[in-house]
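First comes the structure, then the notes that go with it.
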Amino acid sequence: MDSALREPATTEHALLTPELLAQFDTPGPRYTSYPTADRFGPDFGPGETVQALSALAVTGDAAPLSVYVHIPFCESLCYYCACNKIITKHHERSPEYLDALEKELSLVVARLGSRRAVSQLHFGGGSPTFLSDPELTRVMTALASAFEFVPDCEVSIEVDPRTVTPARLAHFRQLGFNRLSFGVQDFDADVQKAVHRVQPFESVRDLMQSARQLGYVSINADLIYGLPKQTPESFARTVQQIGELRPDRIALYAYAHLPERFKPQRRIAESELPSAAGRVAMLGDAIGGLLARGYRYIGMDHFALPSDALAVAKDEGRLHRNFQGYSTQPDRDLVALGVSAIGRIGRCYYQNAKTLPEYYESLASDTLPVVRGHALTEDDVLRRDVIMALMCQGRVRFAAIEAAHDVRFGERFAAEMEKLRDMAAAGLVELDADGIRVTASGWFLVRAVAMVFDSHLQASRERRRFSRVV
Ligand code: SF4
């Protein structure tokens, strides 16, 4: 290995040992919601969503909304993909989709009332940049006539570098986009070939430079470790290269190889995947490399430069979490538009149909295309508060939870506190009479700490264990 690429660990990072990773870095939810989307059920549908939207309209709650728009199309298949997307080169499919999207928007606005304030708008996919410039203009025009964007509204879009040019980024800027998220994953040519996503470093570099010149407020880059053909050495080079580009934020995700669940992943040769030890080395080196280059660890796979709003919000205890990950804004009601999109209104989560025929069919009959959801129980709301306090502040104050929910923390969570003792012994959390505090090394494994309070996860584990025993 090129030792210049293996950054010296910082004090914070030195606390994260391979043993800790092996013991506690288990697969689990990312907690962009609680309960997580796999708990949503078909008993929550269009009628319940209409009720939730109407209730929000009646309360006259003037707090700004968040809006998510899902564009499902991608021109080419990335073999690691686990997203809900449609691979097509037929751009003539877009207008029909945009017709449906506008219909859905009109149904939502009919319940919610028009010109509601919006402080966050995010385009995700699939690849939102599959849409042409006139098509994106069309969607933004429809949204701008339905909602009132507050002056400092965060308007972000996920960018597939293979589908944009500096001229397109300039067009997005004119449309009001002020944040970009680049899907980078890895810069190594062999890895890019193995996952069928070839995008040279130079093209990403040029796009990021253009984005800066165009005045984008925040630029994010996604990386993935654990991909085929990756080695600790090659991934350290990618980390070095991304560090040179200095995006404001970096998301570092682990690749989960689940070919029985995600068909595209069957094209990945298992023999080319890095070993478990290799993955641990890549994660440890990447964390060390990013910290050494001045990035701050925000939590759950996310890093940011100290000047970025997320790092500032973390320092000030103002971090929140929603379906797009960490956010500086309070947990807004989220209107979701598009196939498979997930929203939250009040205490209800809802998800749209996952296939285009179903999505189109509902809208053709003037019905919201919601196929499942979940109305939170009191217990869900209580646990959501605890989990989000852990994920965002790294701290649970018993008194605050007890005051908000009229419970005795120690009694209500006796079993959970018992489980936390192992984590306390391993140095991931500190427990005292006032609360739970996630330690510096615990921050890197905060998902595992949060999982202790996830009763839905515990219940499904019990069920799995039960079915294995039977
Ligand atoms: S990873 Fe993104 S760009 Fe690639 S196929 Fe999946 S949704 Fe499309």
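The values are calculated or read from the model by the stated rules, or taken from the named source; none is laboratory data. Worth saying up front: this structure is predicted, and the values here are computed from it rather than measured. Because the Cβ atoms are built from the backbone with ideal geometry, glycine has one as well, and the counts that use them run over all protein chains shown. For the accessible areas, the whole protein counts, side chains as well, though only heavy atoms, and no ligand, DNA or RNA atoms are used. Shrake-Rupley method; radii C 1.70, N 1.55, O 1.52, S 1.80 Å.
Helical content of the chain, expressed as a calculated mean residue ellipticity at 222 nm, amounts to -12000 deg cm²/dmol (DSSP H runs of 4 or more residues, -39,500 (n - 2.57) each, divided by residue number, nearest 500). Take every DSSP beta bridge whose two residues both sit in the chain; close to 40 percent of them are antiparallel. Counting every pair of alpha carbons in the chain, the share spaced more than 44 Å apart comes to 10 percent.
Looking at the chain, the accessible area is 42 square angstrom per residue; that uses a 1.4 Å probe and ignores ligands, DNA and RNA. Shown for the chain: the carbon plus sulfur share of the solvent-accessible area, taken with all protein chains present and a 1.4 angstrom probe, equals 53%.
Distance check, please: which entries in 314/354; 85/193; 85/314; 103/354 exceed 24 angstrom between their Cα atoms? Violating the 24 Å Cα-Cα cut-off are 314/354; 85/314. Efficiency by 1/(1 + (r/R0)^6): what FRET value for residue 417 and residue 331, r their Cβ-Cβ distance, R0 = 30 Å, to the nearest 0.05? After rounding to 0.05, the efficiency reads 0.70.
Within 10 Å of each candidate Cβ there may be at most 14 other Cβ atoms; applying that plus a DSSP loop requirement, which GluC sites (Glu not before Pro) in region 293-400 survive? Walk me through the numbers on the way to the answer.
Numbers: sites: 316, 358, 361, 378; in loops: 316.
In loop regions of region 293-400 (DSSP not H, G, I, E or B), the sparsely surrounded GluC sites (Glu not before Pro) are 316.
From the square roots a ≥ b ≥ c of the eigenvalues of the alpha-carbon gyration tensor of region 239-398, which class results: rounded (a/c under 1.5), prolate (a/b over b/c), or oblate? Because a/c hits 1.5 or more and a/b fails to exceed b/c, region 239-398 counts as oblate.
Using a probe of 1.4 Å on the protein chains alone, the accessible area found for residue 81 is around 20 Å².
Taking N as the number of residues in region 119-165, what value does Rg over Cα atoms divided by 2.2 N^0.38 Å take? Please list the in-between numbers first.
Values: Rg = 11.4 Å, N = 47, 2.2 N^0.38 = 9.5 Å.
That ratio works out to 1.20.
The slack between residue 460 and residue 381, meaning 0.36 nm per residue of separation minus the straight C-alpha distance, is 26.6 nm. Computed over the Cα atoms of region 149-200, the ratio of the radius of gyration to the Kirkwood radius (Rg/Rh) comes to 1.11. Expressed to the nearest 5 percent, the antiparallel share of DSSP beta bridges inside region 220-368 is 70 percent.
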